[in-house]
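Below is one structure, written out as structure tokens; comments come after it.
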Amino acid sequence: MITFVDAPAKARRTPGVIPLHGSEGFEGMRKAGALTAQALDILTEYVEPGVPTATIDKVAYEFARDHGAVPATIFYKGYRHSLCTSINHVVCHGIPDERPLRDGDIVNIDLTLVVDGWHGDSSRMYPVGEISRKAERLIEITYASLEAGIAAARPGNTTGDIGAAIQAIAEGERMSVVRDFVGHGLGKLFHDEPNIMHFGTPGSGVPLKPGMIFTIEPMINLGRPHVKILSDGWTAVTRDRTLSAQCEHSIGITETGCEIFTLSPGGLFNPMAVRAA
């Protein structure tokens, strides 16, 4: 059973209880989302061959500190870094380290900054040097699937409509949608109701209502959708070692559609669009 409540009345995640945010929540999410997007723009200049992902993590931490924000992942369930860096066949939750990026790598950087208690959550792909055509195509389809999901995020539709739109794009290009990780509600809670699956049946799931705030963050694989978690307890990789890509926005449902809180101020969100320009 699904219940909708005013967001200020909800202090913790409760299954089936979905918060609806008013103008205060949307304004808080605009600030948090804008700062997260600004940080991800700045990281673009550091994603180069020879640069360790630990350096990128340090830059993100210093940016957050200098702007009065806190990375949400630091000490979250024992995690010790400001962001996640997922390279090539890593699906999500890759841990920054001292290994340098290499020409031809693709890397997803996932960052959540907390501003005045509100969580701005976004991730995007970064090509490292010259990448293969198959990697380019994977990134293109991943972004197209996110765009389709966002287009379906409007009142009168359901979470299943979002998932079905994403699935149709990815599988129509003979790629696969990861089932093990989903989008999620957020606001003053990092992870809240509802779950946003990136596959599904039109008309199924939770009805979309104005005031809902959540992420859409499809993970698309070149091969099969199956993943495994490495011994560090965080890093998820494709079982068949094929490439994986992800992109993510935080959005809020409005009376007529949705508002994206994490738009890139420099127009850098989609690296393939930037290269084509």
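The values are calculated or read from the model by the stated rules, or taken from the named source; none is laboratory data. Note that this is a predicted model, so its numbers are computed, not measured. No Cβ is skipped: glycine too gets one built from the backbone with ideal geometry, and neighbour counts run over all protein chains shown. Side chains included, ligands, DNA and RNA excluded: accessible areas come from the protein's heavy atoms. Shrake-Rupley method; radii C 1.70, N 1.55, O 1.52, S 1.80 Å.
Below are the figures for this structure:
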read-out: Condition check for K134: part of a helix (DSSP H, G or I), open to solvent by 40 Å² or more (accessible area, probe 1.4 Å) and touching a residue at least 12 places away in the same chain (Cβ under 8 Å); value: yes
read-out: Positions within the range 185-215 being aliphatic (A, V, I, L, M), in contact with a helix residue (DSSP H, G or I) (Cβ under 9 Å, 6 or more places away or on another chain) and closer than 20 Å to A11 by Cα, in sequence order; value: L186, I213
read-out: Tally, over the range 156-175, of residues that are part of a helix (DSSP H, G or I) and free of Cβ contacts under 8 Å to residues at least 12 places away in the same chain; value: 2
read-out: Selection count, the range 159-183, where residues are under 23 Å from G257 (Cβ atoms), under 15 Å from the mean Cα position of the chain (by Cα) and open to solvent by 40 Å² or more (accessible area, probe 1.4 Å); value: 1
read-out: Residue within the range 1-8 that is part of a helix (DSSP H, G or I) and in contact with a helix residue (DSSP H, G or I) (Cβ under 7 Å, 6 or more places away or on another chain) present; value: yes
read-out: Residue pairs meeting the criteria (Cβ under 7 Å; at least 6 apart or on separate chains; first touching a residue at least 40 places away in the same chain (Cβ under 8 Å), in the range 189-201; second open to solvent by 30 Å² or more (accessible area, probe 1.4 Å) and assigned to a strand (DSSP E or B)); value: E193/V17
read-out: Conditions (1) of a type in the set (K, R); (2) surrounded by 14 or more Cβ atoms within 10 Å (Cβ to Cβ); (3) within 22 Å of the chain's Cα centre (by Cα); number of the one not met by R12; value: (2)
read-out: Single condition A54 does not satisfy, out of (1) touching a Ser or Thr at 6+ places or on another chain (Cβ under 7 Å); (2) hydrophobic (A, V, I, L, M, F, W, C); (3) part of a helix (DSSP H, G or I); value: (1)
read-out: Residue in the range 96-105 that is in contact (Cβ under 8 Å) with a residue 40 or more places away in the chain, open to solvent by 20 Å² or more (accessible area, probe 1.4 Å), within 23 Å of F214 (Cβ to Cβ) and in a strand (DSSP E or B) present; value: no
read-out: Residue within the range 71-86 that is farther than 17 Å from S122 by Cβ, among the aromatic types (F, W, Y) and at pLDDT below 95 present; value: yes
read-out: Flag for F63 being aromatic (F, W, Y), open to solvent by 10 Å² or more (accessible area, probe 1.4 Å) and at positive phi; value: no
